[in-house]
1. Counting only residues that are of a type in the set (A, V, I, L, M) and either assigned to a helix (DSSP H, G or I) or closer than 12 Å to Val21 by Cα (or both), how many does region 66-90 have?
2. Which residues, taken from region 47-56, are out of contact with any helix residue (DSSP H, G or I) (no Cβ under 7 Å at 6 or more places or on another chain) and either assigned to a helix (DSSP H, G or I) or of a type in the set (Asp, Glu) (or both)?
3. Basic (Lys, Arg) and in contact with a Cys (Cβ under 7 Å, 6 or more places away or on another chain) - does that describe any residue in region 52-72?
4. Do you know which residues across region 16-30 are more than 14 Å from Leu82 (Cα to Cα) and part of a helix (DSSP H, G or I)?
5. Taking region 70-90 as the search range and keeping residues that are among the small types (Gly, Ala, Ser) and touching a helix residue (DSSP H, G or I) at 6+ places or on another chain (Cβ under 7 Å), which one is modelled with the lowest pLDDT?
6. Is it the case that region 1-15 has a residue that's within 18 Å of Leu51 (Cα to Cα), free of Cβ contacts under 8 Å to residues at least 40 places away in the same chain and not hydrophobic (A, V, I, L, M, F, W, C)?
Amino acid sequence: MSSTSQKHRNFVAEPMGDKPVSELAGIGNVLGQRLADEGFDKAYVVLGQFLVLRKNEELFKDWLKDVTGANSKQSNDCYTCLKEWCEAFL
C-alpha cells in the first residue's frame, strides 16, 4: 500500500497547469487561503518557491510552516508532492 494520498497521486500524475494551491497534497482550504493571502495562490507559485529553495527539504518545510502554520505532516506531504512532481516533469 502506498503511503501517499489520492490527492498526492492525482497531483503528480499530470502537468501542474493552473491548479489552485489547495490541489497540493497537505494543503487544504485553510492553509491554501493562508498561502493565497501571501501571494501563493497557484500550485506553480509554490513550486517556484520550492525551486528557489533548491528543493531543500528542511528549508521548504520551514518556509511553509512560517507562512501557513502547517504541521509536520502537512509540510511533509506538500514537500513530497512537489518533489515527486519535479522528478516526473522536470
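1. Taking region 66-90 as the starting set, the residues that turn out to be of a type in the set (A, V, I, L, M) are 67, 70, 82, 88, 90.
This time we only want the ones that are either assigned to a helix (DSSP H, G or I) or closer than 12 Å to Val21 by Cα (or both), so: 67, 82, 88.
The total comes to 3.
2. Quick first cut of region 47-56, residues out of contact with any helix residue (DSSP H, G or I) (no Cβ under 7 Å at 6 or more places or on another chain) only: 48, 51-52, 54, 56.
Passing the criteria: Gly48, Leu51, Val52.
3. Looking for residues that are basic (Lys, Arg) and in contact with a Cys (Cβ under 7 Å, 6 or more places away or on another chain), one finds at least one in region 52-72, hence yes.
4. Within region 16-30, Asn29, Val30 qualify.
5. So the first thing to find is which residues in region 70-90 are among the small types (Gly, Ala, Ser), and the list is 70, 72, 75, 88.
Filter once more, keeping what is touching a helix residue (DSSP H, G or I) at 6+ places or on another chain (Cβ under 7 Å): 70, 75, 88.
Numbers: Ala70: 98, Ser75: 98, Ala88: 95.
Going through the qualifying residues, I end up with Ala88.
6. Within region 1-15, none of the residues are within 18 Å of Leu51 (Cα to Cα), free of Cβ contacts under 8 Å to residues at least 40 places away in the same chain and not hydrophobic (A, V, I, L, M, F, W, C).
Yes/no per residue for (1) buried (at least 17 other Cβ atoms within 10 Å of the Cβ); (2) in contact with a Lys or Arg (Cβ under 6 Å, 6 or more places away or on another chain); (3) outside any loop (DSSP other than H, G, I, E, B):
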position	(1), (2), (3)
Thr4	no, no, no
Phe11	yes, no, yes
Glu14	no, no, no
Gly32	yes, no, yes
Leu35	yes, no, yes
Phe40	yes, no, no
Val45	no, no, yes
Glu58	no, no, yes
Leu64	yes, no, yes
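The values are calculated or read from the model by the stated rules, or taken from the named source; none is laboratory data. Values in this document were obtained by computation on a predicted structure and should not be read as measured data. Neighbour counts run over all protein chains shown; Cβ positions are idealised from the backbone, glycine included.
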